[in-house]
Amino acid sequence: MIYKLSIITTLVLVSCAFSQAQDQITIESPLTFKEAVEIGLKKNINLKRQSNQLESIEAQRLNARGQYLPSLGISGQGMRTDGQQINSVSGAGENITSDRFGGSIDANYTLFNGFNRLQNMKASSMAFQAQSSGVQRAKQDVIADITNQFLQVLFDQELVRIAKENLETQEVILEQIKGFVESGIRAMPEEYSQIAIVKNNELLLIRAQNTYANDKSTLSQMLQFDPTLAYEIAVPEWNVEEVIALQYDLDELYNQATVNRYDLKQSQLQSEASKFQMKARSSGYLPSFGIFMSYGSQYFAIQGKEGVSSFNKQFFDLNPQLSYGFNFSIPLFDRFQTHSNKTQAKVNYLNAENDYENLQKTVLIDVQRAHQNFKNAIIGYRAAQAQLESAQLSFDLEKERYDLGLSSLVEYNQANQRFVQAQADMAQAKYTLLFQDILLQYAIGTLGIDDIH
């Protein structure tokens, strides 16, 4: 009974796994780095938020400009009144039912409001430019994030390949040792030792595959891929020597970063916007002046009364009226409201200034670090290259000595481990170098989709 249940359970699990494999969506061709970046720029959530915020600030900027235009509106009111009221025809109070309707076109224009309009317009313009720079930097952030994660997945993919080849090599050695044991050339414990090594390499391969799958899932989340989407990534066909040949002057990189870093521009513009907002808050100390105009008419009728002029006669001929004039306001004491607003705006401005000064130093450190990482990546690649060549020669020699019976299995496996580690170090050094130039362009603020070939 237990045997039958286990068979049924196995069949169900296999069926579910097969149906999931059938439902899984796949991308036929490997995903290139540039394609990943293009997809990320289209689907990144934070970039969409930044773009939406830019649209909101653009509306605020339009509103600030619109304050220089007059306000214009049409108003009207219609009502019926039952009961004691003044008869507008006779002038006496009567118990009547009356109908009224009035309408007007009204315009208002502010001549002066303590420079509030001017400062708000400048502040909104600076805020829009700042957010525009923020959107550009957000695009570069997306490219940099995808670069780091794509690099990690590439490295994981290479480690899986190396682990598979190493496992295959160890399995071949195990078969050789079995033959040697059967012929009496090698002792049985050597076969057991090699079996343990094969099992350990199987475990290493599983761990490498798990790491690869997890890091690829993170990349998929960055690209907003469906969780069921299966795909492979393409190895960039970049020339390592061309990357090594690139020469950068650190002082020139500093100058480029000062000019091109969008986040630095954004911080500077935000500081300017805060300064204009502080000035706008001071407008409460100054008087304001404005003009207005209103043109309208009305209609009045009493129910049951004869001889009342028609609506058109009253509204268009008898009752039209034009009103115009000016208004002004002189602040004397506002219970320190303006002082409070100005102080808060001043604090915001000083904080923005401090943020800008701190970011200037951060940018220089970013450039210095990226430049040093680029130089270190070249040195690391050359060192890994030499290490791989040495490990390859050592492994080939040890393999030949082992095949001739001149060395032990322990010595052979130690040489193989050094060779495997040298392969992994070489893969990491190569991909780090290939992508380090992109990260350097990110640090100086010139990174764009056109820089990715």
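Identify, please: which residue in segment 93-120 is polar (S, T, N, Q) and either touching a helix residue (DSSP H, G or I) at 6+ places or on another chain (Cβ under 9 Å) or farther than 20 Å from Asn319 by Cα (or both) and is, among those, surrounded by the most Cβ atoms within 10 Å (Cβ to Cβ)?
Here is the first cut: in segment 93-120, the residues polar (S, T, N, Q) are 95, 97-98, 104, 108, 110, 113, 116, 119-120.
Those still in the list that are either touching a helix residue (DSSP H, G or I) at 6+ places or on another chain (Cβ under 9 Å) or farther than 20 Å from Asn319 by Cα (or both) too: 95, 97, 108, 110, 113, 116, 119-120.
On the way: Asn95: 8, Thr97: 14, Asn108: 14, Thr110: 17, Asn113: 19, Asn116: 19, Gln119: 20, Asn120: 23.
The selected residue is Asn120.
Within segment 358-375, does at least one residue satisfy the condition of being acidic (Asp, Glu) and surrounded by 13 or more Cβ atoms within 10 Å (Cβ to Cβ)? Write out each step before concluding.
Taking segment 358-375 and keeping what is acidic (Asp, Glu), we get 366.
Okay, now just the ones that are also surrounded by 13 or more Cβ atoms within 10 Å (Cβ to Cβ), so 366.
Yes.
Residue pairs, Cβ under 8 Å, 6 or more apart or interchain, first in segment 24-38 and closer than 22 Å to Leu434 by Cα, second of a type in the set (Asp, Glu) and modelled with pLDDT of 90 or more. List them.
From residues that are closer than 22 Å to Leu434 by Cα, the pairs are Pro30/Glu232; Leu31/Glu232.
Output the residues belonging to segment 244-295 that are among the small types (Gly, Ala, Ser), surrounded by fewer than 20 Cβ atoms within 10 Å (Cβ to Cβ) and within 25 Å of Asn341 (Cβ to Cβ). Let's see the steps before the verdict.
Step one: of segment 244-295, the residues among the small types (Gly, Ala, Ser) are 245, 257, 267, 271, 273-274, 280, 282-284, 288, 290, 294.
Now narrow it down to the ones that are surrounded by fewer than 20 Cβ atoms within 10 Å (Cβ to Cβ): 245, 282, 284, 288, 290, 294.
Once the filter is applied, which keeps residues that are among the small types (Gly, Ala, Ser), surrounded by fewer than 20 Cβ atoms within 10 Å (Cβ to Cβ) and within 25 Å of Asn341 (Cβ to Cβ), segment 244-295 yields Ser282, Gly284, Ser288, Gly290.
Residues checked against (1) in contact with a Phe, Trp or Tyr (Cβ under 7 Å, 6 or more places away or on another chain); (2) among the charged types (D, E, K, R); (3) more than 13 Å from Gln423 (Cα to Cα); (4) modelled with pLDDT under 90:
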position	(1), (2), (3), (4)
Glu357	no, yes, yes, no
Ile379	no, no, yes, no
Ser390	no, no, no, no
Ser408	no, no, yes, yes
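For the condition out of contact with any Lys or Arg (no Cβ under 7 Å at 6 or more places or on another chain) and at pLDDT 90 or above, what is the one hit in Gly91, Gly83, Gly73? So that I can check it myself, show each step before the final result.
Details: Gly91 fails: at pLDDT 90 or above; Gly83 fails: at pLDDT 90 or above.
Testing whether each residue is out of contact with any Lys or Arg (no Cβ under 7 Å at 6 or more places or on another chain) and at pLDDT 90 or above leaves just Gly73.
Return the pairs, sorted by first residue and then second, in which the second residue is among the polar types (S, T, N, Q) and modelled with pLDDT under 95, the first residue lies in segment 384-413 and is more than 17 Å from Asn166 (Cβ to Cβ), the beta carbons are less than 8 Å apart, and the residues are 6+ apart or on different chains.
Sorted first by the residue in segment 384-413, then by its partner, the pairs are Ala384/Gln428; Arg401/Ser407.
Of all residues in segment 74-92, which are among the aliphatic types (A, V, I, L, M) and either within 21 Å of Phe326 (Cα to Cα) or surrounded by 11 or more Cβ atoms within 10 Å (Cβ to Cβ) (or both)?
Ile74, Ile86, Val89
List, please: which pairs have Cβ atoms under 7 Å, are six or more places apart or on different chains, and start with a residue in segment 233-260 that is within 27 Å of Leu219 (Cα to Cα) and end with one that is not in a helix (DSSP H, G or I)?
Cβ pairs passing all conditions: Ile233/Pro30; Ile233/Leu31; Ala234/Pro30; Ala234/Leu31; Ala234/Thr32.
Residue by residue through segment 174-189, note down the ones that are assigned to a helix (DSSP H, G or I) and more than 56 Å from the chain's Cα centre (by Cα). Outline the logic, then answer.
Looking only at segment 174-189, we keep the residues that are assigned to a helix (DSSP H, G or I), and these are 174-183, 188-189.
Across segment 174-189, the qualifying residues are Lys178, Gly179, Phe180, Val181, Glu182, Ser183, Met188, Pro189.
Residue by residue, here is whether (1) more than 30 Å from Ile96 (Cβ to Cβ); (2) in contact with a Leu (Cβ under 9 Å, 6 or more places away or on another chain) holds:
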residue: Tyr295; (1), (2): no, yes
residue: Ile302; (1), (2): no, no
residue: Ser323; (1), (2): no, no
residue: Ser329; (1), (2): yes, no
residue: Asp334; (1), (2): yes, no
residue: Glu353; (1), (2): yes, no
residue: Asn358; (1), (2): yes, no
residue: Lys361; (1), (2): yes, no
residue: Gln368; (1), (2): yes, yes
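Identify, from the list Ser329, Ser297, the residue that is among the small types (Gly, Ala, Ser), in contact with a strand residue (DSSP E or B) (Cβ under 6 Å, 6 or more places away or on another chain) and on the phi < 0 side of the Ramachandran plot.
From the options Ser329, Ser297, the qualifying one is Ser329.
Would you call Arg207 part of a helix (DSSP H, G or I) and under 30 Å from Asn260 (Cα atoms)?
Numbers: part of a helix (DSSP H, G or I): yes; under 30 Å from Asn260 (Cα atoms): no.
Considered against the rule, which asks whether it is part of a helix (DSSP H, G or I) and under 30 Å from Asn260 (Cα atoms), Arg207 comes out as no.
Rundown of residues vs (1) at pLDDT 90 or above; (2) basic (Lys, Arg), yes/no style:
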site: Ser217; (1), (2): yes, no
site: Leu223; (1), (2): yes, no
site: Trp238; (1), (2): no, no
site: Ile244; (1), (2): yes, no
site: Ala257; (1), (2): yes, no
site: Glu272; (1), (2): yes, no
site: Arg281; (1), (2): yes, yes
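Does segment 270-288 contain at least one residue that is without any contact (Cβ under 8 Å) to a residue 24 or more places away in the chain and in a helix (DSSP H, G or I)?
The answer is no; no qualifying residue exists.
Which of the residues spanning segment 221-259 are over 26 Å from Asn44 (Cβ atoms) and assigned to a helix (DSSP H, G or I)?
Those that are over 26 Å from Asn44 (Cβ atoms) and assigned to a helix (DSSP H, G or I): Val240, Glu241, Glu242, Val243, Ile244, Leu250, Asp251, Glu252, Leu253, Tyr254, Asn255, Thr258.
Which ones in segment 305-349 are among the basic types (Lys, Arg) and surrounded by fewer than 13 Cβ atoms within 10 Å (Cβ to Cβ)? Steps first, please.
Here is the first cut: in segment 305-349, the ones among the basic types (Lys, Arg) are 305, 313, 335, 342, 346.
Correct list: Lys313, Arg335.
How about segment 109-150: which of its residues are assigned to a helix (DSSP H, G or I) and aromatic (Phe, Trp, Tyr)?
Applying the first criterion (assigned to a helix (DSSP H, G or I)) to segment 109-150 yields 116-150.
Residues satisfying the conditions are Phe128, Phe150.
Quick one: would you say Ala427 is buried (at least 19 other Cβ atoms within 10 Å of the Cβ) and either touching a Cys at 6+ places or on another chain (Cβ under 7 Å) or free of Cβ contacts under 8 Å to residues at least 60 places away in the same chain (or both)? Reasoning before the result, please.
Values: buried (at least 19 other Cβ atoms within 10 Å of the Cβ): yes; either touching a Cys at 6+ places or on another chain (Cβ under 7 Å) or free of Cβ contacts under 8 Å to residues at least 60 places away in the same chain (or both): no.
In short, no.
Find all pairs meeting these conditions: Cβ atoms under 8 angstrom apart; at least six residues apart or on different chains; first residue within segment 111-122 and touching a residue at least 24 places away in the same chain (Cβ under 8 Å) and closer than 14 Å to Gly66 by Cα; second residue polar (S, T, N, Q) and assigned to a loop (DSSP other than H, G, I, E, B).
Listed by first residue and then by second, the contacts come to Arg117/Gln67; Asn120/Gln67; Met121/Gln67.
Looking only at residues in segment 394-453 that are of a type outside the set (A, V, I, L, M, F, W, C) and not in a helix (DSSP H, G or I), which one is farthest from the chain's Cα centre (by Cα)?
Within segment 394-453, the subset of a type outside the set (A, V, I, L, M, F, W, C) is 394, 396, 398-403, 405, 407-408, 411-414, 416-418, 421, 423, 425, 428, 430-432, 436-437, 441-442, 445-446, 448, 450-451, 453.
Checking the rest, the ones that are also not in a helix (DSSP H, G or I) come to 405, 407-408, 445-446, 448, 453.
Numbers: Gly405: 60, Ser407: 57, Ser408: 56, Gly445: 15, Thr446: 17, Gly448: 14, His453: 22 Å.
Within segment 394-453, the match that is farthest from the chain's Cα centre (by Cα) is Gly405.
The values are calculated or read from the model by the stated rules, or taken from the named source; none is laboratory data. The structure displayed is predicted, hence computed values, not measured ones. A quick note on method: Cβ atoms are made from the backbone with ideal geometry, for glycine too, and the neighbour counts reach across all protein chains shown.
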